[in-house]
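This report concerns only the one structure given below.
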Amino acid sequence: MKVVVTGQVGLDKKPFLQRVAALAKQEGFDLTLFHVGDMMYAEAPDVAAGKILDLPLGRLENLRRSVFKDILAESKKAPNVLINTHATFRWRHGLFFAFDHDQMKRLDADLYVVLVDGIDQVYRRLRHDGHHDPTLKDLMVWREEEILATELLSRLVRGHGRFFICVRGGEEQAQALVRLIFRPEMKKAYLSFPMSHVADSPDILADIERFRREMKRYFICFDPADMEKEKPITFQAIEAARDGRRTITVGEGPRRITLETNDVLGILPDVDGQIYVRDFKLIDQSDMIISLIPELPDGKPALSSGVERELQHAHESTRDVFVIWTPRRDPSPFITETATRVFRSSAEAVRFFLENHYVVEATNGTLFH
């Protein structure tokens, strides 16, 4: 298995992918990591840390080709390899690609994954490393370019959709990537549920959290809540602007950072646009959608316009559409006529998945938990 993992500068992919390799080893898989950036620095000892993108493009390309030549040779000896690289760079040279088609063609990777993270955290890491030039707007655009370029690379080399968007996160997200690489028989599920308009309902939020954790026991899950933490930041910026505050502070502990209110307001259209496009892509890379529709305190279903659009998109994309409907009132025909199956509880859904072989067994004969 050969995997190419990309992502914009500021993601700090290395420790996350090292954890992926460690988890893979625990499950009996030998995964060799190649960090292209580290290898390029090793080959150019005269270049100071963090300065390699300032090199003339000619030398940068020669370094990359030399390193990738070594990777191609080493990858023939390893049963499974993961290459940590980039698809594009947006730096002082402007926008430029970060791969060579002929070498990628020779590699012929089985899987192409682009990692994404909250833009506030990408910005925080770059600032911490002394890079003060990229703005929030720059980073939003770069993330979109990286996704597009990685998907295009996968199609140019393979001609089919072995491309996935995944979240650079913690243990849960690392485990999901291990499954994506080594457990292709596992079903991939997009999790759908209301978010913004249930933010003030702790009981509903607790139900959603239980639903998310339960589904992740059995499937490779693409979870919008792992990624869409930028929308609350925009709400915070709008409120700050109304109060006349020039900055907002987001994140906790080491993830804490202060942002200019106007800078956040400047990316409002980008946040909304990328959520819309990205969530549909996450559905397209899944086998099915599993949607939880809880009941609001007034007895109405917590059915947001976003969830409705996700269900319709999944239906039109011929994905299995599973709806867990917990309100006492019956769902409308717009739900029942487009759903593969409607359940009244998560427990009922899990029974169906187990009885109808949607959940596969691990190699040791036990269910994935």
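Counting beta carbons within 10 Å around each of R217, R125 and listing the fewest first gives the order R217, R125. For the chain, the relative contact order is 16 percent, taking Cα pairs closer than 8 Å that sit 6 or more residues apart in sequence and dividing their mean separation by the residue count.
Note: relative contact order over the range 185-369, using C-alpha pairs below 8 Å and six or more positions apart, is 24 percent. Mean separation of Cα pairs under 8 Å and 6 or more residues apart, divided by the residue count, gives the range 82-152 a relative contact order of 36 percent.
When you filter the GluC sites (Glu not before Pro) in the range 173-227 for DSSP loop state and at most 10 other Cβ atoms inside 10 Å of their Cβ, you are left with E185. By the count of other C-beta atoms within 10 Å, a proxy for reagent exposure, S291, S345, S192 are ordered fewest to most as S345, S291, S192. In the range 178-217, which residues have a backbone nitrogen under 16 Å from the label point lying 7 Å from D110's Cα in the Cα-to-Cβ direction? Answer for this model: 178-187. Most simply put, the chain has about 25% antiparallel DSSP beta bridges, counting only bridges with both residues inside it.
Hey, if you put +1 on the Cβ of every Lys and Arg and -1 on every Asp and Glu Cβ in the chain, which of P194, H35, C221 ends up farthest toward the positive end of that dipole? Toward the positive end, the furthest listed residue is H35.
Sequentially through the range 314-324, phi angles give Karplus couplings (6.51, -1.76, 1.60; θ = phi - 60°) of 4, 4, 5, 8, 6, 7, 5, 10, 10, 10, 9 Hz, Gly and Pro residues having no value and appearing as x.
Quick one: angle between helix 136-157 and the longest Cα principal axis of the chain, in degrees between 0 and 90, rounded to 10, please. Its long axis makes an angle of about 80 degrees. Under 12 Å from a label point set 7 Å out along the Cα-to-Cβ vector of T247, the amide N atoms of the range 257-293 belong to 257-261.
For the pair D284 and A225, what calculated FRET efficiency results from E = 1/(1 + (r/R0)^6), where r is the Cβ-Cβ distance and R0 = 22 Å, to the nearest 0.05? Working from the Cβ atoms, E equals 0.75. Give me the angle, in degrees from 0 to 90, between the Cα long axis of helix 268-284 and the longest principal axis of the Cα atoms of the chain, rounded to the nearest 10. Long axis of 268-284 versus the principal axis of the chain: about 80 degrees. Helix 13-26 and the longest principal axis of the Cα set of the chain meet at an angle near 70°. Over the C-alpha atoms of the range 1-184, the Rg to Rh ratio, Rh being the Kirkwood estimate, stands at 0.94. Extending 7 Å from the Cα toward the beta-carbon at both N356 and E185 defines two label points whose distance is 2.1 nm. Cβ crowding within 10 Å, taken as a proxy for footprinting-reagent exposure, orders I290, I248, I52, I119 from fewest neighbours to most as I52, I248, I119, I290. For the range 221-369, the spread of Cα positions along the three principal axes, ordered from largest to smallest, is 56, 42, 29 Å. With R₀ set to 51 Å, the beta-carbon distance separating S332 from L95 gives a calculated FRET efficiency near 0.65.
Applying the criteria of a DSSP loop state and at most 15 other Cβ atoms within 10 Å to the trypsin sites (Lys or Arg not before Pro) of the range 273-339 yields R328, R329. The phi-based Karplus calculation (6.51 cos²θ - 1.76 cosθ + 1.60; θ = phi - 60°) puts the 3J(HN,Hα) values of the range 338-351 at 10, 8, 5, 7, 10, 10, 9, 7, 5, 4, 5, 5, 4, 4 Hz, whole numbers, x for Gly and Pro.
Can you pull the Rg over Rh of the chain, Cα-only, Kirkwood?
Working: Rg = 21.7 Å, Rh = 22.2 Å.
When Rh is taken as the Kirkwood radius, the ratio is 0.98.
From the mean inverse distance of alpha carbon pairs (Kirkwood) and the Cα radius of gyration, derive Rg over Rh for the range 176-296. Here the Rg-to-Rh quotient is 1.03. When each of the peptides 201-207, 77-83 is scored by how many other beta carbons lie within 10 Å of its residues on average, the order from highest to lowest is 77-83, 201-207. Report, for the range 1-184, the % of DSSP beta bridges that are antiparallel, rounded to 5. Antiparallel: roughly 20 percent of the beta bridges in the range 1-184. Have a look at F89, I248, V321 and report the one farthest towards the positive end of the charge dipole of the chain, computed about the Cα centre with Cβ charges (Lys/Arg +1, Asp/Glu -1). Highest projection toward the positive end goes to F89.
Rule-based calculations on the coordinates, nothing more; no lab input. Please read these numbers as outputs of a predicted model, since none were measured by experiment. All Cβ positions, even for glycine, are placed from backbone atoms using ideal geometry, and neighbour counts span all protein chains on display.
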